[in-house]
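**Student:** Below: one structure in C-alpha cells.
The values are calculated or read from the model by the stated rules, or taken from the named source; none is laboratory data. Predicted, not measured: the structure shown is a model, and the values here were computed from it. Counting neighbours? That spans all protein chains shown, and the Cβs are built from the backbone with ideal geometry, glycine included.
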Amino acid sequence: MLILAFDTATERATSALVADGEVLGERVSRASTLLEDVDALLRRAGVQATELEALALGVGPGSFTGTRIGLAVGRGLALALGIPAAGVSTLAVLAAGAPGARAVIDARRREIFVAGPLVLAPAELEVEPGTVLVGDGAIRYRELLETAGAEVPPDDDERHLPRARFHAALARDFGSAELVEPLYVRQPDAKAAAR
C-alpha cells in the first residue's frame, strides 16, 4: 500500500512516502510548507498523486493551528484523490521512534502533553531516575526534567521528531478523512473564555 503520512502538530513538521513498509522519502520542515513537502516527496519518488492509496495523519496533541493545518490538508487530499485516511497520535509516534522512552510534547502555556493523553506542568511529571524523555517538550524543559532525574537526549537527536514513517506503520482503521479528528487534551482558549 502506498501511504502518504504527515504530522504538523509540533514545531517541526514531518512527512513521508511509504510503500509497503519501505520509506521512499521523508522530509522535516514546518506546517506552512506541508504541500511543498508533499510535492517534493512525490516528485523524488516518481509517483503521481493519483497513485496514493491512503493517508496517515498526525492528530496531535500539539499546536492547535499546526494540527488543524495538517488535518485540513489531509482532508483536502483525501477528498480530491478519493482515498481513505487514518489518524495517528503524535505521542504514539514519538514513542514508536524511541522504544522505552516517554514522549513529551510542548503544550505551550508552560505545560506539556504526555501519554494518557494528559496536559500538566513540567514539574508535575513524575519520572523514575534514568527515564528517557523525548519530544519538543523534553527539549524545552530539559533543565527541570533532568533535575527530576530524567535523561533527555541532545536537541538534535532523531528521537525528538515525530517521524511520519511511524505514522504509516501505526495507522489502522482507514476510512473517510472527515472522520479523522484532532486529539485535543484541553479546551480551546475561546471556549474557556466564554465560560
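**Student:** Which one is modelled with the lowest pLDDT, of the residues in the range 179-195 that are among the hydrophobic types (A, V, I, L, M, F, W, C) and in a loop (DSSP other than H, G, I, E, B)?
**Tutor:** The initial filter retains those residues of the range 179-195 that are among the hydrophobic types (A, V, I, L, M, F, W, C), namely 179-180, 183, 185, 190, 192-194.
Then keep just the ones that are in a loop (DSSP other than H, G, I, E, B); that gives 180, 183, 185.
On the way: Val180: 97, Leu183: 95, Val185: 92.
Restricting to residues being among the hydrophobic types (A, V, I, L, M, F, W, C) and in a loop (DSSP other than H, G, I, E, B), the top hit is Val185.
**Student:** Also: Does Leu57 satisfy the condition of being buried (at least 20 other Cβ atoms within 10 Å of the Cβ), touching a Gly at 6+ places or on another chain (Cβ under 6 Å) and either part of a helix (DSSP H, G or I) or at positive phi (or both)? Can you show your working first?
**Tutor:** Details: buried (at least 20 other Cβ atoms within 10 Å of the Cβ): yes; touching a Gly at 6+ places or on another chain (Cβ under 6 Å): yes; either part of a helix (DSSP H, G or I) or at positive phi (or both): no.
Criteria not met by Leu57.
**Student:** Do any helices (runs of 4 or more DSSP H) entirely within the range 84-178 hold 3 or more residues that are touching a Gly at 6+ places or on another chain (Cβ under 8 Å) and within 29 Å of Ile3 (Cα to Cα), and if so, which? Let's see the steps before the verdict.
**Tutor:** Details: elements: 90-97, 136-140, 142-147, 164-170.
Result: 90-97, 164-170.
**Student:** May I ask you to say which residue of Gly130, Gly116, Gly137 is under 23 Å from Gly87 (Cα atoms), surrounded by fewer than 22 Cβ atoms within 10 Å (Cβ to Cβ) and out of contact with any helix residue (DSSP H, G or I) (no Cβ under 7 Å at 6 or more places or on another chain)?
**Tutor:** On inspection, the qualifying residue turns out to be Gly116.
**Student:** Would you check which residues across the range 97-108 are touching a strand residue (DSSP E or B) at 6+ places or on another chain (Cβ under 9 Å), of a type outside the set (Asp, Glu) and closer than 20 Å to Arg12 by Cβ and list them? Spell out how you get there, then give the answer.
**Tutor:** So in the range 97-108, the residues touching a strand residue (DSSP E or B) at 6+ places or on another chain (Cβ under 9 Å) come out as 97-98, 100-107.
Cutting the leftovers down to of a type outside the set (Asp, Glu) gives us 97-98, 100-105, 107.
Gly97, Ala98, Ala101, Arg102, Ala103, Val104, Ile105, Ala107 - these are the residues of the range 97-108 that are touching a strand residue (DSSP E or B) at 6+ places or on another chain (Cβ under 9 Å), of a type outside the set (Asp, Glu) and closer than 20 Å to Arg12 by Cβ.
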